[in-house]
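Enquirer: Would you mind keeping the following structure in view while I ask a few things?
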Amino acid sequence: MKKKKRKKKKKQNKLILLNRRLFSVKTKKNSSPKVAVIMGSKSDWPTMKFCTETLKKLQVKFDVKIISAHRTPDRMYAFAKSAEKENYSVIIAGAGGSAHLPGMIASMSTLPVIGVPIESKKLKGLDSLLSIVQMPKGIPVGTVAIGEDGAINAGIMAASIIALENKKVKKNLVLWRNKQTNSVKKKPN
Ligand code: AIR
């Protein structure tokens, strides 16, 4: 009987420890959710800076990195494999031309990945858009519009994902959207 009781107590203690561990991971993540804004080249920055400006307005923390799927594959692998441990909640990846970066990152991480098609010189971003949006089933990439509009919407979408568990970001998002609604005039003249 005593032995049974001891066993039960041991099991209970194990459960308490496990819950504590799970809870601490959750609270750690919720306390400082972060977005990774990555791009294939420095030449993508004039577009991707609209994304970081949006995140700043919504008071969402972020890091910015250049990672190319083709030119720096090891950097891409290391980033994708450690993204969750680095406490990122969402990854926004901008790339142009044959734009494999968002899909490759999504293949190595279960974090939500938003792809921003950069407006390329030759095909005006249609190449980037199709490369990013046409992911075959199994590994999704949320794809936004080509260029500046997409970069801004990627920032807003990342904030919406974070707002699911973060009241401050939720409040900022609601305020920002109300401001936008109020700024629309009823008549054009
Ligand atoms: N790129 C860089 N590595 C892989 C890809 N797809 C993309 C960049 C950029 C475009 O190639 O995201 O939009 C042109 O890069 P660059 O450095 O030649 O201006």
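The values are calculated or read from the model by the stated rules, or taken from the named source; none is laboratory data. Bear in mind that the values here come from a model prediction, so they are computed numbers and not experimental data. A quick note on method: Cβ atoms are made from the backbone with ideal geometry, for glycine too, and the neighbour counts reach across all protein chains shown.
Enquirer: State all residues of segment 129-163 that are within 15 Å of the ligand (Cβ to nearest atom), in contact with a strand residue (DSSP E or B) (Cβ under 7 Å, 6 or more places away or on another chain) and not hydrophobic (A, V, I, L, M, F, W, C); if no residue qualifies, say none.
Expert: Within segment 129-163, Thr143, Gly150 qualify.
Enquirer: Within segment 158-173, is even one residue modelled with pLDDT under 95 and in a loop (DSSP other than H, G, I, E, B)?
Expert: Scanning segment 158-173 turns up no residue that is modelled with pLDDT under 95 and in a loop (DSSP other than H, G, I, E, B).
Enquirer: Condition first: under 16 Å from the mean Cα position of the chain (by Cα), under 16 Å from Val37 (Cα atoms) and either at pLDDT below 95 or not in a helix (DSSP H, G or I) (or both). Can you find one or more residues in segment 123-142 that meet it?
Expert: yes
Enquirer: Follow-up question, since we're still on this one. Going through segment 157-168 one residue at a time, which ones are among the aliphatic types (A, V, I, L, M) and surrounded by fewer than 22 Cβ atoms within 10 Å (Cβ to Cβ)?
Expert: Correct list: Met157, Ile161, Ala163, Leu164.
Enquirer: Same structure again: Quick check on my filter: what residues within segment 106-128 are within 12 Å of the ligand (Cβ to nearest atom) and either without any contact (Cβ under 8 Å) to a residue 40 or more places away in the chain or of a type in the set (Val, Ile, Thr) (or both)?
Expert: As a first pass, look at segment 106-128 and keep what is within 12 Å of the ligand (Cβ to nearest atom): 115-123, 125, 127-128.
Passing the criteria: Gly115, Val116, Pro117, Ile118, Ser120, Lys121, Lys122, Leu123, Gly125, Asp127, Ser128.
Enquirer: Oh, and also: Failed condition for Ala95, given (1) touching a Leu at 6+ places or on another chain (Cβ under 9 Å); (2) away from the ligand (no atom under 12 Å from the Cβ); (3) among the hydrophobic types (A, V, I, L, M, F, W, C), with all others met?
Expert: Ala95 satisfies all of (1) touching a Leu at 6+ places or on another chain (Cβ under 9 Å); (2) away from the ligand (no atom under 12 Å from the Cβ); (3) among the hydrophobic types (A, V, I, L, M, F, W, C) except (2).
Enquirer: While we're looking at this one, here's another question. Thr143 is checked against (1) over 21 Å from Glu53 (Cα atoms); (2) surrounded by 18 or more Cβ atoms within 10 Å (Cβ to Cβ) and fails just one. What number does that condition carry?
Expert: Thr143 satisfies every listed condition except (1).
Enquirer: Being in contact (Cβ under 8 Å) with a residue 12 or more places away in the chain, among the aromatic types (Phe, Trp, Tyr) and away from the ligand (no atom under 15 Å from the Cβ) is the requirement here; does Phe62 meet it? Step through it out loud before you land on a result.
Expert: Numbers: in contact (Cβ under 8 Å) with a residue 12 or more places away in the chain: yes; among the aromatic types (Phe, Trp, Tyr): yes; away from the ligand (no atom under 15 Å from the Cβ): yes.
Taking the combined requirement at face value, the residue satisfies it.
Enquirer: Oh, and also: With the condition being modelled with pLDDT of 95 or more and crowded, with 23+ Cβ neighbours inside 10 Å, I'd like the strands (runs of 3 or more DSSP E) fully within segment 8-98 carrying at least 3 qualifying residues.
Expert: Answer list for segment 8-98: 34-39, 88-95.
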